[in-house]
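See structure below.
The values are calculated or read from the model by the stated rules, or taken from the named source; none is laboratory data. These figures come from a predicted structure and were not determined experimentally. Ideal geometry is used to build each Cβ from the backbone, glycine not excepted, and the neighbour counts take in all protein chains shown. Quick note on the areas: whole protein, heavy atoms, side chains included, nothing else; ligands and nucleic acids left out. Shrake-Rupley method; radii C 1.70, N 1.55, O 1.52, S 1.80 Å.
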Amino acid sequence: ALEGGGWHSVNAFAGVTAGLLAAFEKQHGTTSNPTLANTQLFKDISAISSVSGGTWFFASLAYSGGFADLVDSMAADPASAESLWEKGWVSKLMAKGVGKNKFENLLGRVSEFDSSIEKIRAFEMARETGYFWSDDDGDTWASWIGSMLHTTAGIPPDTRLGSDAVAPWAAGKIWLLDHSIIAGSKDDQAQIWSEPDSKMSYYMMSRREPLPTYIPAIFSVT
């Protein structure tokens, strides 16, 4: 299971995977160049479940040879892992940044009403995302994710799950990309964030029938 966390998840899981590959080589001593292919690290794992940043990471690992090679190179040279990651992934993401764009401008106007909102983690994450959202990325979350994965991992936006682009070690595995909306209710509202001095919550209503607590979005399974 690969939990969410945006950029933090991608960074963390790349480091953990490289570390596991390096540990495998140290324990078994079967190869001086441990890779996802020759160690068969995921051989006995038949299903992967991921959400948000965890999905970004696994999409990159399974559908981008360049990204997988980057993780392999970090495993082969742990002492240089930081610089390799900086050059192979972070620098590509940072090059995508746009200081002034429509998303950042909107957040700036919101902040003008109450500057304390800048201290809220959810708003900080919106700022992070907005910085990398250029006008060419379209207006939907899906289009932005596609552009981001193309920039950082070279995955074409039209790549389909289960296509021939998937790495051999990942072929045949079940991948659950988890998307759901917490509907909440008037008496038991869903919280976006909650801090001692502020919180944001919401609930959803249907004109036809009561909604379940969790509403599945379109699930993708490959």
- Tell me, please, whether a residue that is open to solvent by less than 20 Å² (accessible area, probe 1.4 Å) and touching a residue at least 60 places away in the same chain (Cβ under 8 Å) can be found in the stretch 113-125. yes
- Task: Tell me, yes or no, whether the stretch 179-187 has at least one residue that is on the phi > 0 side of the Ramachandran plot and in contact (Cβ under 8 Å) with a residue 60 or more places away in the chain.
- Result: no
- Query: Under the condition of being β-branched (Val, Ile, Thr) and open to solvent by 50 Å² or more (accessible area, probe 1.4 Å), which residue from the stretch 162-190 is modelled with the lowest pLDDT?
  - Reply: ILE181
- Message: Any residue in the stretch 136-155 that is on the phi < 0 side of the Ramachandran plot and touching a residue at least 12 places away in the same chain (Cβ under 8 Å) sitting within a Cβ distance under 7 Å of a residue that is assigned to a loop (DSSP other than H, G, I, E, B) and aliphatic (A, V, I, L, M)? List the pairs, counting only those 6 or more apart or interchain.
- Response: LEU149/ILE155
- Message: Among the residues that make up the stretch 42-58, is at least one of them open to solvent by 80 Å² or more (accessible area, probe 1.4 Å), under 27 Å from ASP136 (Cα atoms), without any contact (Cβ under 8 Å) to a residue 24 or more places away in the chain and part of a loop (DSSP other than H, G, I, E, B)?
- Response: no
- Message: So, in the stretch 147-161, exactly how many residues are open to solvent by 30 Å² or more (accessible area, probe 1.4 Å) and closer than 14 Å to PHE58 by Cβ?
- Response: 2
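Given the residues VAL10, VAL71, VAL90, which is the only one that is surrounded by fewer than 18 Cβ atoms within 10 Å (Cβ to Cβ) and under 17 Å from the mean Cα position of the chain (by Cα)?
Working: VAL10 fails: surrounded by fewer than 18 Cβ atoms within 10 Å (Cβ to Cβ); VAL71 fails: surrounded by fewer than 18 Cβ atoms within 10 Å (Cβ to Cβ).
Sole residue among the options that is surrounded by fewer than 18 Cβ atoms within 10 Å (Cβ to Cβ) and under 17 Å from the mean Cα position of the chain (by Cα): VAL90.
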- Message: I'd like to verify a number: residues in the stretch 132-146 that are open to solvent by 30 Å² or more (accessible area, probe 1.4 Å) and of a type outside the set (Val, Ile, Thr), how many?
- Response: 6
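Scanning the stretch 98-127 for residues that are in contact with a strand residue (DSSP E or B) (Cβ under 7 Å, 6 or more places away or on another chain) and aliphatic (A, V, I, L, M), which turns out modelled with the highest pLDDT?
Here the residue is ILE120.
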- Message: Based on this model, can you work out whether ASP197 counts as crowded, with 16+ Cβ neighbours inside 10 Å and at pLDDT below 85?
- Response: no
